[in-house]
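Data first, discussion second: the structure below is written as structure tokens.
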Amino acid sequence: MRNIFFSIGISIVFITGCNASDLNGLSNLTNGNQEYVYQWSAKYPENKNHNLSSLTISAIKIGDTNVLIKSDTAKILEVGGRYESIHNDYIDFDSVYPNISKPEFIIASSRSAGNCCPWANYHIIVLRDRSPALFTIDSTTVEDIRAKKGKSGGYDFLISVNSGIDKAGDSVIEELELLAAGNAILKKGLNDKFPGIGAIVYPADFFSDKNLRSSVLNFKDEEILEVRHNSPESVEQQINWIDNSALVMCIAPVKREWENTQIMVIDLETKGYEIQKQTDSKVTSVKKGGGIIRDRIRNGLSGKLGECFQTQFQVLKTEIK
């Protein structure tokens, strides 16, 4: 009987006792850069500060929610809320801040088995109104992730990614950012150029912000009214982002009539836009303006992010008047 109680006691300590002493000081982050309270770097993988890879952890409570890694034939990371889950062969919690007992954000990674996709994808799980939100970094070449306290009291994240090689053979490092009040990881500078762009979730959020939409689109009032579809019967998908710099908005003017849709693409780097209205998956009208939409954005539209209800953005050779 004594052995049974001893075993139960050990189990309780493992489940509830993941504190600073159990984690060998993992809750005490030291960083020479005072501006950032946290930094993870791919250049220094031997730095195990806040690294959880040596521990078997499949659930962490953040806010009032348990974030779970479920095992099936593969792994599923379930965060809850309106944010998508992650499905991959391997998923791990890599890092927490400030400690595992009461984390304010979590860095997770996911990767595929085999040699087809040797890289890892990184994800940030951070509190939004006391609920965890999941953000996936749209790059397979993450150099480092830094966090500092934002103006709203939450955390601003700065992410460095390797975006290729220049003509001299040097690496090109781009910086992405996720602001404390933001809902998207965007290229650094876009939030400053278009204030509020990172906080929008639905097309209605964009169209209802007069200052924001006027900084992006040179539309007349009647043109805005034509494309915004703000009637009670309209249905919207959440805004999707491509290349951390172009947004895709999908609207169905009437509920349950998914064959009638509108897809709007805005390339924030060029301020080019294109609006396609479709019926029965066939384009009935196209409106273009501003600068060009970059090829990498159009290529991204041909994938999953281009799907809009039961229709898909179509690359057209000629413009339909």
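The values are calculated or read from the model by the stated rules, or taken from the named source; none is laboratory data. Everything numeric here is computed off the predicted structure, so don't read it as measured data. Heads up, the Cβs are rebuilt from the backbone with ideal geometry, glycines too, and the neighbour counts pull from every protein chain shown. The area values use the complete protein model at the heavy-atom level, side chains included, leaving out ligands, DNA and RNA. Shrake-Rupley method; radii C 1.70, N 1.55, O 1.52, S 1.80 Å.
Things to note:
- Enumerated helices (runs of 4 or more DSSP H) restricted to region 209-321, each holding at least 1 residues that are at pLDDT below 90 and under 21 Å from the mean Cα position of the chain (by Cα): 295-301
- Residue within region 143-153 that is on the phi > 0 side of the Ramachandran plot and of a type outside the set (D, E, K, R) present: yes
- Among residues of region 288-307 being within 23 Å of SER214 (Cα to Cα) and touching a residue at least 60 places away in the same chain (Cβ under 8 Å), the one that is surrounded by the fewest Cβ atoms within 10 Å (Cβ to Cβ) is GLY289.
- Any hit, region 233-241, residues being open to solvent by less than 10 Å² (accessible area, probe 1.4 Å) and of a type outside the set (D, E, K, R): no
- Single residue of ALA181, ALA204 found to be on the phi < 0 side of the Ramachandran plot, assigned to a helix (DSSP H, G or I) and surrounded by 14 or more Cβ atoms within 10 Å (Cβ to Cβ): ALA204
- Of all the numbered requirements in (1) free of Cβ contacts under 8 Å to residues at least 40 places away in the same chain; (2) open to solvent by less than 20 Å² (accessible area, probe 1.4 Å), VAL142 misses one, and that requirement is (1).
Okay, residues lined up against (1) open to solvent by 50 Å² or more (accessible area, probe 1.4 Å); (2) assigned to a strand (DSSP E or B); (3) modelled with pLDDT of 85 or more:
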| position | (1), (2), (3) |
| --- | --- |
| PHE5 | yes, no, no |
| ASN19 | yes, no, no |
| LEU26 | no, no, no |
| ASN33 | yes, no, no |
| THR56 | yes, no, no |
| VAL67 | no, yes, yes |
| GLU84 | yes, no, no |
| PRO103 | no, no, yes |
| ALA108 | no, yes, yes |
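- Sole exception among (1) in a strand (DSSP E or B); (2) without any contact (Cβ under 8 Å) to a residue 60 or more places away in the chain; (3) open to solvent by 40 Å² or more (accessible area, probe 1.4 Å) for LYS148, by number: (2)
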